Amino acid sequence: MMRHVIETDLALCVAGDLPFWRSALVNLHVRRCDECRDLLEALRADRQELRRSVDDMPANVDWDQLAAEMTANIRVGLAAGECVTPRERRVPTISWRPAAIAAGLVMLMAGAWWLNIPRTDTEAIGRALRNMATGGRAISPQEESGPVVGASSTGVKLVENGGQMGIEQRGLQPVMYSVSTQGSASARYVDQDTGQVTITAVYDQ
Amino acid sequence: MTNKIYMALAAVSALSLHAQGLNHKIDFPKDSPVSLLSADFGNSNATARGANLIEVNAALSLRNSGQKRIRSMTLMVSAPDAAGRGSVSVPTLDAGPGETFSVHIGTRLVRPLAAGNPIVEVTLDGVLFDDLSFFGPDMLHSQRSMIMWELEAQRDRKYFKSLLASRGAEELGKEMRLSLARQADSSQRGVQMVRGRATNIDAEREAQFAFLDIPESPVEALNGVARIGSSLAGAPRFEVRNRSSRAVAHLEVGWIVKDQQGREFLAASMPADLKLAPNQSGQVAQDAALRFDRPVSIQSMSGFVSSVEFADGTQWIPSRGALDQPRLRPLVAPSPEEQRLSQIYNKRGLPALIAELNKF
């Protein structure tokens, strides 16, 4: 049984790219093999057709530019396809770790604030923020001025320069209380068992 | 990670929240008629939390080491670097020579952090005896208040004793029940007083005082005005006239406010140091503002002269008859002595009250 010449050798032979001795062997085989001869003739016809097509191309074609344009057109086509193709909505995954770290930091900051900042300072900052938010309309001017003495059902209190003084009587509620325009506040307590009256007062001087 | 957070929190707590020892100093003059038997500061403590948070819970046991009966006593409470001063007074004492009595001091202080352990000082400001003589440095001007309490006590004891003598125990009991009912009905509002810059208050209008005249009062108040705003009133000023034959050194005017519901309450007192010769007039103007804890729409204001101190140190206070005016009775608080007596009646009954009245 006779072995045929492989197709690539036939194509190379047509193009004249086979070495001499292999080209001679191919030609020898083709003379005796109709099938390979037909294939060789077909390849030769394709080559001549290709040469004619090349002759039809415009002169001085910049192949590199042509290749770049083709690449760009391919990319544009792919992008357009992405636009019209329905896509799956991606749900961003939230990791619990950053949330836990943030919550911990907030707790730490709040704890440090509670432990270190006096309540009066916190209140003053709150008042200042409210004042900024309302353009200064929410707080009457005298709130920030000078010492303040107060009397209420919880007793008497003096607030001055971030410090405080309050006086009470063992959890008793005062039976009466009052303030004076000379900067004092007083509260009166009555011992329910003995009737003894105790009067507490604070003074801003 | 969790362990690190716990460690950080513990570190912050350890650095910031550590209880400090609370030093206390009780300083009575060497010649004081009151001596200290014992002082229990057991529940007192100081905590550093951005500032020194000092809580004082002290029980002092004291003895009258003088020769006169003590009617009232005032102790001054203070701490270096702390705001202002405080006081604890016992106005209804009757401690004879050698007798003991106790005073409780409950104080909460916030002061800036400072080196060293915080210290609380308790000093004697004054002692008033039954003959109205006084002992003490009187740093807080407590002598005036203590004399007023004693005068009120003498007035009310005299009234109740005369009632008992003339109309019997039943009437005395009825009077006590009325007093207890008035005390239960008294309406008060939480108030704050700010001194300075009162003329800058956001006042909506100026309102006039309608002064209640007490005919027996040595001083008459008139032509008073104050600026009124939302839940506040300030910069009161008024005229006074000494209509007595004695020189006046100090007076006090009660400031009554009526709200939008027509309810009246005693909002503040307006003390004034001014010297007024007989028939002389003067002007009182105070740079202070009164602010209410809850919203109050002030409809009107009134006032009355509640006490007068003469140049010789003696005082005038309204009689019970004067205070029985329908406008004043529900507003003026009963004296400390009336509150003590009514509490004895309420707790231990009429016989105990009568026994108490018969003591002095």
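With a 10 Å Cβ neighbour count serving as the proxy for reagent exposure, in which order, fewest first, do B:Leu276, B:Leu357 appear?
On the way: B:Leu276 25, B:Leu357 18.
Lowest count first: B:Leu357, B:Leu276.
A crude spin-label estimate for the pair B:Lys25 and A:Asn73, with each label 7 Å from Cα along the Cβ direction, gives 10.0 nm.
Expressed as a whole percent, the proportion of Cα-Cα pairs in region A:37-85 lying more than 11 Å apart is 76%.
What dipole magnitude, in Debye to the nearest 20, does chain B give about its Cα centre under +1 on Lys/Arg Cβ and -1 on Asp/Glu Cβ?
On the way: 41 positive and 38 negative charges, 114 e Å.
Magnitude of the dipole: close to 540 debye.
With a threshold of 19 Å on the Cα-Cα distance, the over-threshold entries among B:Lys30/B:Lys68; B:Lys158/B:Lys359; A:Lys157/B:Lys25 are A:Lys157/B:Lys25. What does the helix-only formula give at 222 nm for chain B: each DSSP H stretch with n ≥ 4 adding -39500 (n - 2.57), the total divided by the residues, and the result rounded to the nearest 500 deg cm²/dmol? Value at 222 nm, helices only: -8000 deg cm²/dmol. Extent along the principal axes, Cα only, for chain B: 76, 57, 40 Å, with the longest axis given first. Sorted fewest first by neighbouring Cβ atoms within 10 angstrom, A:Val30, A:Val106 come out as A:Val106, A:Val30. Scalar couplings 3J(HN,Hα) for region A:19-29, obtained by applying the Karplus form with A = 6.51, B = -1.76, C = 1.60 to θ = phi - 60°, are x, 4, 5, 6, 5, 5, 5, 4, 5, 4, 5 Hz; x denotes Gly and Pro. Ranked by the mean number of other Cβ atoms within 10 Å of their residues, highest first, the peptides B:322-331, B:76-85 fall in the order B:76-85, B:322-331. Computed over neighbours whose Cβ is under 12 Å from that of B:Ser306, the net charge equals -3, Lys and Arg +1, Asp and Glu -1.
For region B:79-147, what's the relative contact order in percent, using C-alpha pairs closer than 8 Å and at least 6 residues apart? Reported relative contact order: 29 percent.
With the alpha-carbon atoms of the protein assembly as shown aligned to their principal axes, the span from lowest to highest coordinate is 163, 54, 45 Å, starting with the largest. So the label point goes 7 Å from the Cα of A:Thr194 along Cα→C-beta, right? Which residues of region B:125-140 then have their backbone N under 20 Å from it? Of the residues in region B:125-140, B:125-130 have backbone N under 20 Å from the label point off A:Thr194.
The value of relative contact order for chain B, using C-alpha pairs under 8 Å at least six residues apart, is 14 percent.
Region B:257-356: percent of C-alpha pairs farther apart than 20 Å? The answer is 60 percent, as a whole percent.
Just add up the charged neighbours of A:Gly166: K/R +1, D/E -1, any other residue whose Cβ is under 11 Å from the Cβ of A:Gly166.
Working: positive: A:Lys157, B:Arg108; negative: A:Glu168, B:Glu55.
Surrounding charge for A:Gly166 is 0.
Taking the number of Cβ atoms within 10 Å of each Cβ as an exposure proxy, the fewest-first ranking of A:Cys13, A:Cys33, A:Cys83 is A:Cys83, A:Cys33, A:Cys13.
The mean number of Cβ atoms from other chains found within 10 Å of a Cβ in peptide B:97-110 is 4, as a whole number. Divide the volume of the convex hull around the Cα atoms of region B:138-234 by the residue count and you get 181 Å³ per residue.
Can you tell me what share of the DSSP beta bridges in the protein assembly as shown is antiparallel? A percent to the nearest 5 is fine.
Just about 95 percent of them are antiparallel.
Averaged over the residues of peptide A:104-114, the number of Cβ atoms from other protein chains lying within 10 Å of each residue's Cβ is 3.
Values in this text are rule-based calculations from the coordinates and carry no lab data. Keep in mind that what you see is a predicted model, and the values were worked out from it rather than measured. As a convention, Cβ positions derive from the backbone with ideal geometry for all residues, glycine included, and neighbour counts pool all protein chains shown.
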